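Bear in mind these aren't lab numbers, they're just calculated from the coordinates by the rules spelled out. Note that the structure is predicted; figures quoted are calculated from it, not measured. Here the Cβ is made from the backbone with ideal geometry for all residues, glycine too, and neighbour counts use every protein chain on show.
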């Protein structure tokens with residue numbers, strides 16, 4: 001009896017599902033006709049336009065924007081997505097309609113690496129986020145707080161210069177990427193955690209793995225059913241690295257609690273956060289904020305400095321002009337001090353030009369619409385993800401002239417364009433409510449390290465390599481570091497001993 005009923009039941013079920021699918025498709029078509037969407041490539045079933053991203057999505061999206069326009073609609077898996085690729089489009093999302101797009105999408109990386117979005121970077125827009133940002137800006141990242149760590153930066157840079165002097169004396173080829181990474185790592189970890197190394201755990205490895213996972217394409221974020229099966233193993237890796245970071249920071253917090261109770265007053269960021277316990281934040285919030293601080297401060301500085309040094313090696317004219325400025329302002333008898341940075345105008349241009357061509361976050365951190373909105377005549381529904389392709393904006397010839405792909409710091413002569421989020425042709429730190437609060441810290445670290453490297457040493461490419469032969473390819477992730485470490489040979493150029 002059951003066997004005789006099975007076929008009719010299956011047939012009725014199939015007809016019902018097919019009818020429902022056709023009904024929903026008709027409703028969607030009717031909705032799309034009523035609400036004009038931005039132009040964009042046609043999505044495939046299930047995966048949408050994911051296949052079009054390639055290994056370097058910022059470049060792929062730039063090419064697509066040339067065809068479909070500066071406000072482009074895509075479907076990444078099942079996630080409706082808008083890509084903005086011009087200063088005018090970026091301003092619409094980050095300034096004009098900033099409040100609507102002030103929230104973040106939930107991803108597996110944000111869930112596990114930001115402890116459920118309880119930090120500052122990935123938290124949803126609302127009272128908690130506002131309180132954390134206010135505390136961070138006033139207590140952790142203010143100009144006075146950044147300045148208070150100047151002796152630490154000076155000490156660590158002094159050690160870097162000494163190690164490079166030894167390498168110069170023996171004619172060694174130096175791994176510039178590694179050297180810069182170590183000095184920035186030491187500064188950031190001491191500033192945030194009060195230590196640079198602990199034998200109980202490897203914070204550096206944890207942060208590197210977290211950065212890789214944060215930037216990797218995770219199917220579970222775009223195709224809901226794929227999250228259940230963890231087809232790429234990303235969820236398993238995220239859980240593992242989240243647990244390792246949690247354990248490491250728990251040890252550090254406990255050590256700080258003991259030191260704080262015993263009258264320790266040389267306060268780092270952990271001490272400051274602990275002093276605000278029960279004032280809008282708890283222990284989990286502290287861990288999430290610490291993670292945001294380390295990743296933001298470390299990744300931005302290292303990536304930008306290695307690209308700047310790469311371009312200086314490829315452009316001896318720019319290198320010499322920067323060294324001439326350093327010689328005029330600082331002289332040959334001492335190293336660069338932080339107080340010198342305000343006088344180094346050409347250095348500032350070099351940093352801006354590097355940010356233009358190599359923004360640390362090529363697509364910024366995604367935003368998500370909190371309600372339906374119409375922008376430039378296009379309907380954008382609630383829960384749409386927004387990507388700002390600052391990499392494409394920085395290389396747009398309509399904005400930067402025909403030599404947009406050329407490293408030319410002089411384009412900023414007599415220019416008021418800045419990187420702090422008010423000039424939408426150059427927004428490496430984002431803009432609006434969700435702009436990066438660590439701009440001052442990042443610019444200070446980048447300017448000082450770069451100035452010290454260029455002032456103290458002449459640099460040459462190894463093995464007779466010509467500037468044109470230097471590999472300048474990048475790897476896509478949360479940031480775009482060089483695909484290969486930068487190698488160079490230093491020669492000490494100051495009169496004073498390091």
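R0 = 35 Å: FRET efficiency of residue 173 with residue 246, Cβ-based, nearest 0.05? The value I calculate is 0.35.
Where only DSSP H runs of four or more residues are counted, the chain gives -16000 deg cm²/dmol as its mean residue ellipticity at 222 nm, each run worth -39500 (n - 2.57). Compared with the direct C-alpha span, the chain from residue 413 to residue 320 gains 31.8 nm at full extension, assuming 0.36 nm per residue. Applying 1/(1 + (r/R0)^6) with r as the Cβ-Cβ distance of residue 138 and residue 217 and R0 = 51 angstrom yields a FRET efficiency of 0.90. In terms of surrounding Cβ atoms within a 10 Å radius of their Cβ, 214, 170, 163, 301 rank from fewest to most as 170, 163, 214, 301. As a rough footprinting exposure proxy, the listed residues 138, 444 were ranked by other beta carbons within 10 Å of their own, and the order from fewest upward is 138, 444.
Placing pseudo-labels 7 Å out from each Cα toward the beta carbon at residue 466 and residue 130 gives an inter-label distance of 6.0 nm.
Where does each of 276, 455 land when they are ranked from fewest to most other beta-carbon atoms within 10 angstrom?
Values: 276 17, 455 25.
Ordered from fewest to most neighbouring Cβ atoms within 10 Å, 276, 455 come out as 276, 455.
For the pair residue 277 and residue 404, label points projected 7 Å from Cα toward Cβ lie 5.2 nm apart.
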